[in-house]
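Down below is the structure, laid out as structure tokens.
Here, each number is a calculation from the coordinates, and none is a lab measurement. All values derive from a computational prediction rather than experimental measurement. All Cβ positions, glycine included, derive from the backbone under ideal geometry; neighbour counts span all protein chains shown.
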Amino acid sequence: MPYVKVRVSSHKYKSAEPLTYQADSTVKAGSLVRVPLKNDLVLGVVTGPDSKPAFATKPLQPLTGLPPLPKPLLQTAEWIAQYYATPLSAVMQSILPSSISERRLGEIEHVAVSAVATRANRPALTADQTKALETIIKPDTYLLHGDTGTGKTRVYLELVERTLQEGRSAIILTPEIGLTSQLSQNLQMDLPGRVVVLHSQLTAKERELAWLRLLSSQQPQVVVGPRSALFSPLANIGLIIIDEAHDGSYKQDQAPRYSALRVAAKLASLHQSILVLGSATPNVEDYYVAEQRRKPIIRMTQLAASDAAPAPIVTTVDLKDRSQFKGGGNLSKPLIAAIQAALDRGEQSLLYLNRRGTARLVVCENCGWQALCPHCDIPLVYHGDTHRLRCHTCGHHEPIKIACPDCQQPAIIFKQVGTKAIAEEVQRAFPDAKVARFDTDNAKSERLEANYDAVRCGDVDILVGTQTLSKGLDLPLLTTLGIVLADTSLNLPDFSAGERTYQEISQVLGRIGRGHRLEHPPLAIVQTYQPDNTILQSALQRDWQRFYQAELDSRRHFHFAPFRYLLQISCRRASPKAVEKAAVDFANQLAKLNLEITVDGPAPSFHEKVAGKYDWQLTLKATQRSELLKAVAAIPKTTGWSFDLDPINLL
């Protein structure tokens, strides 16, 4: 009776070693199986044969009719487990669907696949687009640094068609699920039957059918989705594109904590495929690494829609000058006038504020009491549509208080407005306009991806939202932008705050001035408390090199990435004394290991109290990543400890 090694998909199995099961017949490596694990029946993947063990084994159940998983995908899973020091079983949960049924094979929609042919009615390529396509030829990593509106999506489409003509599949990652609609529609128009969308908002059945379709397809496919789409079971990948590659959502914030950019590089290497990192505002670390390793950096500055498009007019409004505002409102007089002018011309306006809710701060004007989450000790956010206070960390919510619970006075006031308050203020100012708010508080039917066609064709006059609206959107009628508060991330106590601010402001400015409207220059009104800030001015002037050099100098001086590898270790306990003691004891233990590292802390985390428990953290820096892996191995195996290798921030 043959025996095989199986990698299981279960959070209950923590060992790095595969399990041994018996099979009725020889099972190929990569075959999907169900195996008993304690009292559960879980999915697994056969990794190869095994000799007869000294202990009793249980039989596995093969999933018949399915081809084996591609070898490069399994090799990538092994690499993630080693590189990020995480259990392989957790990685397998990211790769495999939550369930697989052989009977679903008969339900797969077999869409007629079109021949790959470039549409004749496309506009001519710009010189920048042509140069990019001539450069991206052989397997390698390419950094496509294209300003907003220069037509990176068109380059993606041409590359996808070229890849399909070569008989190979392609993966395109987007940072937001909302952006998959726009991109998949463009691709479906040219490549009917070849585009598969994968993301978490599909039903379990839809995800399973899409996954099985990719696994069993005999034709090259195009997969579009967020970072999890990277694990599509494609046998022959020729192209991986990461759009808006600077976006923080490409780093998974729970185990396994991987970077989709690093994983994509490994997967592309195993498939000998092309990897394209596209962004108008590349990550400082990615840009520096590309320079050091002499990887191709392709610059695009030429607008795709029209060379004759007037440049946007950018005006800053100092929020300290209250004469610019009427009656305590949040929208300045120049911004209100610009919105009205856009409405008169039948054009769209976008108001950007990276804060959800109605008010971010609820305090008593009489005694200073503040509404805080009882579990996390951070400010509760007031949501005017439900008249409730909500914690955006743990989900706690409670009704709004009429009187102060400390002094009993009816002196509760609301400060630091969010998107809901701005949407209400805009609707009052322009009662006849159609106003729509887009952020992560939207119900499913209200989300951008569900309303993209209506927004694009102009059924919405004024858009209000957070980062959901700053990434990759191309709206032909949008000519006016208002940044309600440009300082939201600028003063965060983190090494990446400057980079995040530059990217945030640059990206939202890129929603206008894309060359669709030639009659008059688009207009941006930027409201800020720091109009002379260097980072803000670099973003407003689109001066990437100025920002890049200043940020690089700062990180070199303070020993942050890309000049050091980083590791964040966190400890959570029920009391402040317990967490401090545990963190200090571990810091002392690290010191005895004599590793070539520097340790910052231990100290309370930025969010010191979360869900009723207290957090402390240590930040480790090293010139050799292997030293950080040794530190990870020393972390206590007791509950309450966690770590993040290569964190994108230290908050």
Sparse-neighbourhood loop sites, chymotrypsin sites (Phe, Trp or Tyr not before Pro) in the stretch 22-91 - DSSP loop, at most 12 other Cβ within 10 angstrom: 55
Of 417, 228, 153, which is farthest towards the positive pole of the chain's charge dipole, taken about the Cα centre with +1 and -1 on the beta-carbons of Lys, Arg and Asp, Glu respectively? 228
Take residue 219 and residue 387, extend 7 Å from each Cα along the Cα→Cβ direction, and tell me the distance between the two endpoints in nm. 5.6 nm
Under the 0.36 nm per residue contour assumption, what length would be gained going from the current alpha-carbon distance of residue 11 and residue 409 to full extension? 138.2 nm
Taking 0.36 nm per residue of separation between residue 25 and residue 63 and subtracting their Cα-Cα distance, the length gained on full extension comes to 12.4 nm
Of 290, 273, 240, which is farthest along the charge dipole of the stretch 127-300 in the positive direction, counting Lys and Arg as +1 and Asp and Glu as -1 at C-beta? 273
Going highest first, how would you order 510-522, 581-593 by mean Cβ packing within 10 Å? 510-522, 581-593
Counting other C-beta atoms within 10 Å, and keeping those with at most 14, which DSSP coil GluC sites (Glu not before Pro) do you find in the stretch 568-651? 596
Which entry in (1) 28; (2) 33; (3) 24 matches percent of Cα pairs over 41 Å apart derived from the coordinates of this structure? (2)
When the dipole is taken about the Cα centre of the chain, and only Lys, Arg (+1) and Asp, Glu (-1) are charged at their Cβ, what size is it in debye, to the nearest 20? 1580 debye
Quick one: 181, 306, 15, fewest Cβ neighbours within 10 Å first, how do they rank? 15, 306, 181
Go through the stretch 363-373 residue by residue and turn each phi into a ³J(HN,Hα) via Karplus (6.51, -1.76, 1.60, θ = phi - 60°); whole Hz please, and just put x for glycine and proline. 9, 9, 5, 7, 10, x, 3, 10, 6, 10, 5
Please order 177, 80 by the number of other Cβ within 10 Å, starting at the fewest. 177, 80
Taking the Cβ of each residue in 571, 457, 404 as the centre, tally the other Cβ atoms inside 10 Å and list the residues starting with the fewest. 457, 404, 571
Between residue 313 and residue 121, what length comes free when the chain is fully extended (0.36 nm per residue of separation minus the Cα-Cα distance, one decimal in nm)? 65.9 nm
Please give, to one decimal in nm, the separation of the simple spin-label points placed at residue 131 and residue 265, each 7 Å out from Cα toward the Cβ. 2.5 nm
Suppose R0 equals 51 Å. What FRET efficiency, 1/(1 + (r/R0)^6) with r the Cβ-Cβ distance, do residue 345 and residue 554 give to the nearest 0.05? 0.75
Quick calc, the stretch 565-645, dipole around Cα centre from Cβ unit charges on Lys, Arg (+) and Asp, Glu (-), nearest 20 debye, gives 260 debye
